[in-house]
Every structure is written in structure tokens, then in C-alpha cells.
Amino acid sequence: MSPSLVVPADNRPLRSITDDERAQFQRDGVVLLRGIYPDGWVDHLRAAMTEVFERDPAAGRVGGTTSGLSETGDRTEMVSLVNRILEHDPGADVALSGSSAPRGRSIVETAACFWHQDLRRHYLSSPLAEIVAILTDSREVTLYSDQLFLKEPGSAVRTPWHQDKPYFLLQGSKVAVCWVPVDTVSIENGAMGYVVGSHLADRTYVLSDFVSKTKAFPEVGGITMAGLDPLPPIESEPEAFELRYFDAEPGDVIVHHWATIHGSTGNVSQRALRRAASVRYAGDDVTFLRRASSPEPFRNTINLADGDRLDRDPHFTLAWPRVPG
Ligand SMILES: O=C(O)CCC(=O)C(=O)O
């Protein structure tokens, strides 16, 4: 085992969370916690992510997003996808930063925590679950799933504006997403941006297809957008919204509420790699919901009924309070 994959002994955050940070999470739907994540845990995450990104991309695929039966998650390489779209339709509405053709790789790896044991251990043993317990005021926190993002220099592909809620097989209000960078992140290589306060609208929006600026996710494999609200016009009227972008360093963690609209810039830098893990946790009032809009690659493998506690299915594990061992 690589020395970086040895789990650090100390699993507490580096500092306490202030009352002001808790209030920001509640009020704005997002908070940047600077200098809270210990170096040893950042190194551990970086090593685990590197293993995932560098594995054979064809390994172990079952069916991906279409069947909903994948136990090995799903990977999309966005640069090839965008270039294929542009080849067929040079005027396509793809979400890019800058005007150069995208190059390098931009990977979105969904649900690696279901097959990569070091990542799973990370999410269950690191300080993240305790941070979520504090911000959501929860006695218990369960690991739901994860997504890993790699944006290589020049890849330019933005993450379009979207809300996580319609993607997740959950109901309740205490769902929080920890965005954990393992590289220095700026507006040039993929800063996260949030629509401040958008979680308070009590709406569930049509899913983004994750490639274009405004197109909806395709209704394939039983997925439907029926009953969802159209996403607000952030692309066409950005001045009408309070948009907040964050620079971030390894050691910082950004936590957003699952109903907060967010996205990120593309990597237009010459050399600055940008990798981050997005780790999704459910707090006290959250139960399972077989959501018709959800494209989760594992959605048809879950043996739960609506309203069930998540940890009755082995895909979802209680992360806080920590179980010894
Ligand atoms: O890292 C990114 O570009 C997007 C992250 C994201 O959408 C999320 O954490 O839910």
C-alpha cells in the first residue's frame, strides 16, 4: 500500500466551526471552511483519487446511467464528449470557459465509493461527517455517495449550473455536500460558484445534462423531469442573482446544502491541475426516496422503500457517530 493510503490516526477537524460559519450555511446555503482539513487526510484523498482517475476506464462497467444497475459507478470524460458534440454541431450550446477548443481530460467519476475501499474508508473515517453533523445540527450522519472531478489544464469544460437535489435518491432537508479540493483552485482552473440563498426557494429544478449551458438531462432509462421547475435564468441574466465564487486551497472544505444551485468554471490555465471530491452526506431527517428524476448509476440496485432509513441498505453506511474500527 502506498504510504499516502495509510489512514491518519487523528480524525478530528483542525479547528472548530464558528457560529458565524454555521449561520452562513443556514442563510446562504454554502460555507467555505478555511484551514479545517488536516494535511494527512488531504494526502490520503489525493492518493485514493489518483488511483481512481488512472485506472482503466473500461474496467468493471455494468451499464452506467442508462440501466441504473451499475455497482461500479459511472465515468464521463467531458472533453471527448464536448468535442464529439462540437464536431457534429459547431454551434452547440456547450458550457465552456474561454474560446479555445478544450484539450486534456475533464473527468466526472460518479459513485466510486461503492467500489474503491480506500475512498469509502476516507469518507467514513475522516473529519467530514463530523463537520456535516455540526453544520446540519444532526445526531447521525450517513454517507450517501460521492463524485470525483478532474479538470486538466486547458480542459475548459465548465460544470453547468445545477441543483443536486433532483439527482439524489433522498428526501428531507439535512443533506449536505462537502467539496474537498486536493489542488489550489482559482477562477482560472475551476472555481466553484454558488447562487447564494437559492436553497431557500423550496423548489426542485430540472436536471442539467452536465454538458450544455441550459439543456436538461435526457429522459432515458425511466428517468423523467415531470413535475420539476425550470432552472432560473442564471446563464442569461447573471446580474439578477447573487453569485459567489470561491478560491480554495487543500485544507479548505466548501459545504453546500443539496438545494443550493452551483456550478464551476472550466480549467483554462496552462499548468494548474484541479481535482476535488464531492462527498454527499445525509443528516437526521433524511430518508430514501425513489426519485423519478434521478440518474444515479446505482439507482436500481437499492433495496429500500420510500421513507426507509438509509443504513438499512448496505450501500449507505452510518458515518457519525463513528463506529469504533
Ligand atoms: O467540481 C465541480 O466542478 C462540480 C462539483 C459539484 O457539482 C458538486 O459538488 O455537486
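Every number in this text was worked out from the coordinates using simple rules, so none of it is lab data. For clarity, every value in this text was computed on a predicted model and none was experimentally measured. Methodologically, a virtual Cβ is constructed for each residue, glycine included, from the backbone with ideal geometry; neighbour enumeration extends over all protein chains shown.
Summary of computed values
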{"read-out": "Rounded D (µm²/s) - the stretch 224-325, Kirkwood Rh over Cα pairs, Stokes-Einstein at 20 °C, 1.002 mPa s", "value": "120 µm²/s"}
{"read-out": "Reach of Lys215 by Cα under 21 Å, taken over lysines that are not fewer than 8 positions away in the same chain", "value": "Lys165"}
{"read-out": "Exposure proxy ranking, count of Cβ atoms within 10 Å, fewest first, for Glu109, Glu71, Glu237", "value": "Glu237, Glu71, Glu109"}
{"read-out": "Rule-of-thumb Rg ratio for the stretch 69-119 [Cα; 2.2 N^0.38 Å; N residues]", "value": "1.47"}
{"read-out": "Proxy reagent accessibility, fewest Cβ within 10 Å first, across Arg280, Arg291, Arg121, Arg271", "value": "Arg271, Arg121, Arg291, Arg280"}
{"read-out": "Along each principal axis, Cα extent of the stretch 186-249, largest first, Å", "value": "39, 25, 22"}
{"read-out": "Burial ordering of Ser293, Ser2, fewest other beta-carbon atoms within 10 Å first", "value": "Ser2, Ser293"}
{"read-out": "Proximal aspartates and glutamates to Lys151, defined as alpha-carbon separation beneath 12 angstrom and excluding residues fewer than eight positions away on the same chain", "value": "Glu77, Glu109, Asp183, Glu188"}
{"read-out": "The stretch 3-320 - charge dipole about Cα centre, Lys and Arg +1 at Cβ, Asp and Glu -1, debye rounded to 20", "value": "360 debye"}
{"read-out": "Size of the chain as Cα extents on the principal axes (Å, biggest first)", "value": "55, 43, 43"}
{"read-out": "In nm, spacing of pseudo-spin labels at Val7 and Thr76 (7 Å Cα→C-beta vector)", "value": "3.2 nm"}
{"read-out": "Mean separation of Cα contacts under 8 Å (6+ apart) over length of the chain, as relative contact order %", "value": "29 percent"}
